[in-house]
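Peer 1: Shown below is the structure under consideration.
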2 protein chains.
Amino acid sequence: METLRVELGSRSYPILIGQGLLGERALFDQHLRARDLLVVSNTVVAPLYLQALEATLQPRRVVVTILPDGESHKTLANVERILDVLVANRFGRDCAVAALGGGVVGDMAGFAAATYQRGVAFAQLPTTLLAQVDSSVGGKTGVNHPGGKNLIGAFHQPVIVVADTATLATLPPRELRAGLAEVIKYGLICDAGFFLWLESHIDALLAGDAAALAHVIRRSCEIKAEIVGRDEREHGDRALLNLGHTFGHAVESATGYKEWLHGEAIGAGLAMAACMSRESGHLTSQELDRVTRLVARTGLPTHVTNVKPDVALEHMRIDKKVQAGRIRLVLLRAIGSAFVTADYAEPALRHTLATHLG
Amino acid sequence: METLRVELGSRSYPILIGQGLLGERALFDQHLRARDLLVVSNTVVAPLYLQALEATLQPRRVVVTILPDGESHKTLANVERILDVLVANRFGRDCAVAALGGGVVGDMAGFAAATYQRGVAFAQLPTTLLAQVDSSVGGKTGVNHPGGKNLIGAFHQPVIVVADTATLATLPPRELRAGLAEVIKYGLICDAGFFLWLESHIDALLAGDAAALAHVIRRSCEIKAEIVGRDEREHGDRALLNLGHTFGHAVESATGYKEWLHGEAIGAGLAMAACMSRESGHLTSQELDRVTRLVARTGLPTHVTNVKPDVALEHMRIDKKVQAGRIRLVLLRAIGSAFVTADYAEPALRHTLATHLG
């Protein structure tokens, strides 16, 4: 087992990474002292891991809520379902909520934990690569609004993140590829060496090589923990983690959160961010090629046919990164170096959208 | 104008108290820099003060949401309405939400501000005595759940509180009395001298004496600001502010938030807390009499006939202050000195409920 830490003063917490951790009772006894625990999962993950987890959590009082799977179900209505269960079971402020599943389950369970009795303890038990490398760390919780992605939510840090890498063995290949989009992102924003490593290990990762996956989970969590520790509320550097996300969210939003997995939209978003960086004169053509090629080799889309450029632009305008009416973009000045800017040419943006969409 | 401050590091903010402040443009220009502003009000307050406020807020882009009046409308569905308006108007993370009204409007607008884009700026413009002395200060936001009062919410501090005392001139007498319940509470928990002052000035307050009201607003906000600055998240002393509230919330919950104003329920709750303190041997009979008499002279109920003791007890068990299944009560060891305890006799609690309810 590897242990990392997100350093946030009194709200610091460990990220535990290893094979079979969901079966280790001592670990939960040490970090999760609540007597009453609500486990939130979904219809795909629950049949695989819930029974074993419930055994691990004994003798706590464990209540379970199973939600439908998929980004289109990340709604306020489903968060209300979780809250109703907490009230119906008379859980007190000393209870805890645990998310067993991917990013969708984690975002909703976390938002319910953030708002139940103005905040109760929350544990992240991510079972997808995307959740293990990204969404389970950092305290962003929330739901989608028909008008835009993640528009409703709260910052609410977990008390523990338990990434059981054994769960990746049952992860569908499509979900594995989607998770790698966020991994590529970390290399792009701040670690050129890691990006190079990914270029030479992408086949092993896609084949499910356990050692290679363990490496990317640890390195990704290290980078994310370091950035979140420095800028929890995204007043500065944390915005870099949104590389590809303004583009990707527009793709998700425009397709009703049904067509593409979040990670797939982010794959296309990374290709667009790199394209825009090249158009703006920051990235070389060779670097742009490396980005596009790695995204493509990962099996992620670099071009999305079912979203029109104009529609995407409309959706980008409601993104959370809009300030004073201007879309702020995360761009690359090199592989391994990202920056936030509102200083770009509109034609370059339109060209980027036209190249990768429609 | 008087200015107090809630000291919370980078989230510190001023409380401004005075006649006619809603008309002072310079004050808003100084403290509320957002270009886009959503004003949330209700059907009673909006006709009285909204037009003048909109003039003061020029040249900002101001959008308005008017909600129905009353505690029974403090629901997640109404918060969703506010969020829908923010999305529909494409308000960015740099917008602000302002609450113009009483505690219900403030709690809902504040919760919407807490959760829109994971938190935007929030201004409290309280127009009732209760909101000016209590609910607008301290960052508690949220809504009721059919299962219990304020069960869903968030801590989200405002950037400014503007208490325009001129608005009290239009406040219905019933609302004035309700607000005084929270004022009496401050005297009871930590300021015996203030309680004594209230005993000798209650008639002036009920007659709407401006100087007397200004004094209680300032003193109440001083006490609340001091306690919140010490214990924002209610890990300790802030719980003292809940004196009478576990009893009062049960009364509100059991009557569907329709029968009694919050402050009226708190009046009865203070009488019950004092009774329980006497039953537990902490308060003298003379002190109990003083509490009951001041509550009664204020025109607040000390006995509630339409709630059965058993029903109230059921509702108390889902209160946020329950820990490890045990109801924690705020009791008085004297007028001006409160403490939190789970160490009390069940029969005393049942006797208290039987005396004041049913």
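Peer 1: When you look at the Cβ of every residue in B:108-117, what mean number of other chain Cβ atoms sits within 10 Å? Don't skip to the end; give the middle numbers.
Peer 2: Values: counts 0, 0, 0, 2, 1, 0, 6, 11, 5, 12.
What the average comes to for B:108-117 is 4.
Peer 1: In degrees between 0 and 90, to the nearest 10, how far off the longest principal axis of chain A does helix A:262-279 point, with axes built from Cα atoms?
Peer 2: Here the helix axis deviates by roughly 30 degrees.
Peer 1: I've got another one for you. Considering only A:T298, A:G138, A:T255, whose Cα is most displaced toward the positive end of the charge dipole of chain A, charges sitting on Cβ of Lys, Arg (+1) and Asp, Glu (-1)?
Peer 2: Selected residue: A:G138.
Peer 1: What does the helix-only formula give at 222 nm for the protein assembly as shown: each DSSP H stretch with n ≥ 4 adding -39500 (n - 2.57), the total divided by the residues, and the result rounded to the nearest 500 deg cm²/dmol?
Peer 2: Working: 24 runs with 318 residues, N = 716.
The per-residue figure over the protein assembly as shown is -14000 deg cm²/dmol.
Peer 1: Along each principal axis of its Cα atoms, how long is chain B end to end? Whole angstroms, biggest number first, please.
Peer 2: 60, 40, 37
Peer 1: Also, I was wondering about something else. Which of B:A204, B:A109, B:A324 moves the most in a Gaussian network model of chain B with Cα springs under 10 Å?
Peer 2: Maximum among the listed residues: B:A324.
Peer 1: At B:G70, label 7 Å along Cα→Cβ: distances to the other copies, nm, ascending?
Peer 2: Nearest first, the other copies' label points are 4.1 nm away.
Peer 1: Of B:H351, B:L57, B:T115, which is farthest on the positive side of the dipole of chain B, counting Cα position, with +1 on Lys and Arg Cβ, -1 on Asp and Glu Cβ, and the Cα centre as origin?
Peer 2: Farthest towards the positive pole: B:T115.
Peer 1: While we're looking at this one, here's another question. Take the rotation relating chain B to chain A, measure from its axis to every Cβ in chain B, and name the nearest residue with the distance in whole Å.
Peer 2: Result for the axis mapping B onto A: B:A154, 3.
Peer 1: Taking 7 Å along the Cα-to-C-beta vector as the label spot, tell me the B:A55-B:S12 distance in nanometres, rounded to one decimal.
Peer 2: Roughly 3.5 nm, to one decimal.
Peer 1: Follow-up. Return the average number of partner chain Cβ atoms within 10 angstrom of each residue Cβ along peptide A:149-157.
Peer 2: Numbers: counts 0, 2, 8, 10, 6, 7, 4, 2, 0.
Average per residue, whole number: 4.
Peer 1: Then there's this: Mind checking the stretch A:1-93 for GluC sites (Glu not before Pro) that DSSP puts in a loop (not H, G, I, E or B) and that have at most 14 other Cβ atoms within 10 Å? Could you put the intermediate results ahead of the total?
Peer 2: Working: sites: A:E2, A:E7, A:E24, A:E54, A:E71, A:E80; in loops: A:E7, A:E24.
For GluC sites (Glu not before Pro) across the stretch A:1-93 that sit outside H, G, I, E and B with at most 14 neighbouring Cβ atoms in 10 Å, the list reads A:E7.
Peer 1: In debye, nearest 20, what is the charge dipole magnitude of the protein assembly as shown about its Cα centre with +1 on Lys and Arg Cβ and -1 on Asp and Glu Cβ, if you could check?
Peer 2: Values: 72 positive and 74 negative charges, 4 e Å.
Dipole about the Cα centre, nearest 20: 20 debye.
Peer 1: What is the magnitude of the charge dipole of the stretch A:2-170 about its Cα centre, with +1 placed on the Cβ of each Lys and Arg, -1 on the Cβ of each Asp and Glu, and no other charges, expressed in debye to the nearest 20?
Peer 2: Values: 14 positive and 14 negative charges, 97 e Å.
Computed charge dipole of the stretch A:2-170: roughly 460 debye.
Peer 1: Now for a different question. Taking A:R5 in one copy and the same position in all the others, each labelled 7 Å out along Cα→Cβ, what are the pairwise distances from the first, in nm, shortest first?
Peer 2: 3.3
Peer 1: Additional query: On alpha-carbon atoms, Rg over Rh for the stretch B:183-231 using Kirkwood Rh? Mind showing how you got there, number by number?
Peer 2: On the way: Rg = 11.1 Å, Rh = 11.1 Å.
Dividing the radius of gyration by the Kirkwood radius yields 1.00.
Peer 1: As a test, work out the antiparallel percent of DSSP beta bridges whose residues both lie in the protein assembly as shown, rounded to the nearest 5.
Peer 2: Numbers: 34 of 82 bridges.
Expressed as a percentage, antiparallel bridges in the protein assembly as shown total about 40.
Peer 1: State whether the stretch B:47-100 is rounded, prolate or oblate according to the following rule on the C-alpha gyration tensor (a ≥ b ≥ c being the square roots of its eigenvalues): a/c under 1.5 gives rounded; otherwise a/b larger than b/c gives prolate, and the remaining case gives oblate.
Peer 2: Numbers: a/c = 2.69, a/b = 1.18, b/c = 2.27.
Cα axes put the stretch B:47-100 in the oblate bin.
Peer 1: Could you give the alpha-carbon Rg of the protein assembly as shown over 2.2 N^0.38 Å, rounded to two decimals? Display every interim value, and only then the final one.
Peer 2: Numbers: Rg = 27.1 Å, N = 716, 2.2 N^0.38 = 26.7 Å.
Against the empirical 2.2 N^0.38 Å value, I get 1.01 for the protein assembly as shown.
Peer 1: Quick check: from the Cα gyration tensor, does the stretch B:2-170 come out rounded (a/c under 1.5), prolate or oblate? Could the numbers behind the result be given before it?
Peer 2: Working: a/c = 1.26, a/b = 1.19, b/c = 1.06.
Judged from the Cα gyration tensor, the stretch B:2-170 comes out rounded (a/c under 1.5).
Peer 1: More than 28 angstrom separation, counting every C-alpha pair in the stretch A:82-225; what % is that?
Peer 2: On the way: 2427 of 10296 pairs.
For the stretch A:82-225, the fraction of Cα-Cα distances above 28 Å is 24 percent.
Peer 1: If you don't mind, there's one more thing I want to ask. Could you compute the FRET efficiency for A:E346 and B:S285, with r as their C-beta to C-beta distance and R0 at 51 Å, rounded to 0.05? Don't jump to the answer; show the numbers that get you there.
Peer 2: Values: r = 78 Å, r/R0 = 1.52.
Plugging the Cβ-Cβ distance into 1/(1 + (r/R0)^6) gives 0.05.
Peer 1: As I understand it, the dipole of chain B uses +1 on the Cβ of Lys and Arg and -1 on the Cβ of Asp and Glu, about the Cα centre. Which of B:N242, B:L83, B:A334 lies farthest toward its positive end?
Peer 2: B:L83
Peer 1: Write down the percent of antiparallel bridges among all DSSP beta bridges whose residues are both part of the stretch B:2-170, to the nearest 5. Don't jump to the answer; show the numbers that get you there.
Peer 2: Numbers: 10 of 33 bridges.
Around 30 percent of the beta bridges assigned by DSSP in the stretch B:2-170 are antiparallel ones.
Peer 1: Then there's this: Report, in degrees rounded to the nearest 10, the 0 to 90 angle that the Cα long axis of helix B:192-206 makes with the longest principal axis of chain B.
Peer 2: Around 70 degrees separate the two axes.
Peer 1: Give me the dipole magnitude in Debye, nearest 20, for the stretch B:144-261 about the Cα centre, with unit charges on the beta carbon: positive for Lys and Arg, negative for Asp and Glu.
Peer 2: On the way: 11 positive and 15 negative charges, 47 e Å.
Computed about the Cα centre, the dipole is about 220 debye.
Peer 1: Now a separate question. Ordered shortest first, which distances in nm separate the 7 Å Cα→C-beta label point of B:A210 from those of the other copies?
Peer 2: Spelled out, the distances from B:A210's label point are 7.9 nm.
Peer 1: Any chance you could give the angle, 0 to 90 degrees and rounded to 10, that helix A:76-88 forms with the longest Cα principal axis of chain A?
Peer 2: The answer is roughly 10 degrees.
Peer 1: For each pair in B:K74/B:K320; A:K224/A:K258; A:K140/B:K149; B:K140/B:K308; B:K74/B:K149; A:K149/B:K149, compute the distance between the two Cα atoms and list the pairs where it is over 20 Å. Don't jump to the answer; show the numbers that get you there.
Peer 2: Details: B:K74/B:K320 17 Å; A:K224/A:K258 27 Å; A:K140/B:K149 26 Å; B:K140/B:K308 29 Å; B:K74/B:K149 10 Å; A:K149/B:K149 30 Å.
Table pairs above 20 Å Cα-Cα are A:K224/A:K258; A:K140/B:K149; B:K140/B:K308; A:K149/B:K149.
Peer 1: Okay, next question. Under the definition of partner shielding as Cβ atoms of other protein chains within 10 Å of a residue Cβ, what is the mean value for peptide B:69-76? Write down the numbers at each step before the final one.
Peer 2: Details: counts 0, 0, 0, 0, 0, 0, 0, 6.
Mean partner shielding for this stretch: 1.
Only the coordinates and a few stated rules stand behind these numbers; no lab work does. If you're wondering where the values come from, they're calculated on a predicted model, not measured in any experiment. Cβ atoms come from the backbone with ideal geometry, glycine included; neighbour counts cover every protein chain shown.
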